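Engineer: One structure coming up, written as structure tokens, with questions to follow.
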Amino acid sequence: MVNIPVLPKSYQFWNNIAATPADFMLDAGNYGMLLVLTSGGVATALRKLMPDGVTYASVMGASAFAATGGYLTFTLPAGQYQLTLTAAVGLIGTIEKIDVGRR
């Protein structure tokens with residue numbers, strides 16, 4: 001039996017992808033998303049699947065990660081998400097929950 005690590009719902013990563021990846025789940029909270037476009041293209045949108053199970057609502061607009069990539073923060077409700085790519089031929093990135101810490 002092979003133990004396959006299960007990523008928490010507070011983290012997702014992509015390694016050298018060139019097309020829109022599979023949807024992923026996230027818990028509610030504050031998130032940081034860091035993307036690097038290694039070979040051009042555009043990370044078009046971070047989109048949340050709506051309750052009808054078909055319609056997606058955009059969380060991030062089309063121009064946010066054009067050219068080389070960057071870092072954005074979001075406050076997200078729990079749910080199923082999709083990172084949509086347009087003409088990207090190489091993308092590396094993560095979206096992860098930001099720990100606010102405790103005193």
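Engineer: Spin-label point model (7 Å from Cα, Cβ direction): what's the K9 to V100 distance in nm?
Structural biologist: 1.9 nm
Engineer: I've got another one for you. Between V54 and L72, with labels modelled 7 Å along Cα→Cβ, what's the label distance in nm to one decimal, could you check?
Structural biologist: Rounded to a tenth, the inter-label distance reads 2.6 nm.
FYI, it's all coordinate maths here, none of it is from the lab. All of these numbers come straight from a predicted model, not from anything done at the bench. Note that each Cβ is placed from the backbone with ideal geometry, even for glycine, and that neighbours are counted across all protein chains shown.
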